[in-house]
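Undergrad: One structure, as structure tokens, below. Some questions next.
The values are calculated or read from the model by the stated rules, or taken from the named source; none is laboratory data. This structure is a prediction, so every number in the text was calculated from the model and none was measured. No Cβ is skipped: glycine too gets one built from the backbone with ideal geometry, and neighbour counts run over all protein chains shown. Accessible surface is based on the protein model in full, side chains and every heavy atom, while ligands, DNA and RNA are left aside. Shrake-Rupley method; radii C 1.70, N 1.55, O 1.52, S 1.80 Å.
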Amino acid sequence: TRGRAALMIGTSGALRVLWRPSPQDRIRPRFGLWRYRLDRSRVVLGGALSNGGNVRDWMLRTLTVTDDVLARAHAMRADTHGLTMLPFLAGTRSPEYLANVSGALTGLSIATRPEHLVRATLESVAYRFARVFEEMQPCVRIRELIAAGGALERSPAWTQILADVLDRPIQMCAERELTSRGAAALGFERLGGRRVENLPVPRGRTIVPDRRRHQVYAAAMRRHAELMRRLYGVI
């Protein structure tokens with residue numbers, strides 16, 4: 001539906017909405033989003049990140065992170081590490097589509113620990129989703145998020161960070177092999193079965209945002225945007 005978005009983090013990441021617009025709708029997405037047709041009646045609108053689970057995995061690998069370090073990173077309070085990170089290890093796509101950018105990290109000190117770096121990584125990817133979310137809102141007004149992807153399944157704390165940053169409840173998808181499921185659902189519809197919109201959403205656990213953490217992250221996102229402006233001339 002127009003108010004329900006799918007959020008995926010695997011190697012990369014994506015946020016997208018699929019719906020059936022009326023003939024009167026005029027969909028004018030901003031530059032940083034993509035729009036295409038699934039079929040004659042449905043439109044897909046969203047944005048994609050080049051950096052998702054790959055950035056987390058790079059950080060864990062580079063620091064040789066143990067389970068104890070990862071647990072401490074997950075247990076940290078929001079934005080208490082003093083770091084600002086741009087997670088562009090694989091360049092960047094939505095919403096800026098900047099050529100030749102690279103990652104950046106500021107705020108390092110003698111007190112910086114591996115868990116601080118891991119936590120800053122998770123939060124920085126969430127801030128990039130927030131930018132895509134912001135660009136999409138004028139077109140679709142997202143009220144509900146359904147999340148999937150191996151990276152989120154392995155890191156419930158990351159899903160909580162995303163819910164807090166986006167200030168929206170996130171429901172984990174209870175199914176695997178979602179590409180195959182979607183293709184089967186469309187094929188079933190073409191054969192005269194139920195419309196895709198009428199199929200039940202395979203909902204799993206719900207992650208509820210915390211307003212106080214959202215306010216902390218809002219300030220951190222302003223710092224993130226300022227670093228983007230200084231390095232790349234954009235916000």
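Undergrad: Is it true that residue 147 is among the aliphatic types (A, V, I, L, M) and in contact with a strand residue (DSSP E or B) (Cβ under 8 Å, 6 or more places away or on another chain)?
TA: On the way: among the aliphatic types (A, V, I, L, M): yes; in contact with a strand residue (DSSP E or B) (Cβ under 8 Å, 6 or more places away or on another chain): yes.
Spelling it out, residue 147 is indeed among the aliphatic types (A, V, I, L, M) and in contact with a strand residue (DSSP E or B) (Cβ under 8 Å, 6 or more places away or on another chain).
Undergrad: Please enumerate the residues belonging to region 147-165 that are in a helix (DSSP H, G or I) and open to solvent by 10 Å² or more (accessible area, probe 1.4 Å).
TA: Residues satisfying the conditions are 150, 153, 156, 157, 160.
Undergrad: Follow-up question, since we're still on this one. Among the residues of region 2-23, write down those that are open to solvent by less than 40 Å² (accessible area, probe 1.4 Å) and within 19 Å of residue 124 (Cα to Cα).
TA: Pass one, region 2-23, residues open to solvent by less than 40 Å² (accessible area, probe 1.4 Å): 3, 5, 7, 9-10, 12-15, 17, 19, 21.
Passing the criteria: 7, 9, 10, 12, 13, 14, 15.
Undergrad: So, in region 152-174, exactly how many residues are in contact with a Lys or Arg (Cβ under 6 Å, 6 or more places away or on another chain) and closer than 16 Å to residue 67 by Cα?
TA: Qualifying residue count for the region: 0.
Undergrad: Just to be sure, is residue 233 within 24 Å of residue 104 (Cβ to Cβ) and either touching a Phe, Trp or Tyr at 6+ places or on another chain (Cβ under 7 Å) or free of Cβ contacts under 8 Å to residues at least 40 places away in the same chain (or both)?
TA: yes
Undergrad: Next question, about the same structure. Within the set of pairs 6+ apart or on separate chains, which have a first residue in region 139-158 that is of a type in the set (S, T, N, Q), a second that is modelled with pLDDT of 90 or more, and C-beta atoms under 8 Å apart?
TA: 155/56; 155/74; 155/122
Undergrad: Any chance you could count how many residues in region 210-235 are assigned to a loop (DSSP other than H, G, I, E, B) and open to solvent by 90 Å² or more (accessible area, probe 1.4 Å)?
TA: Result for region 210-235: 1.
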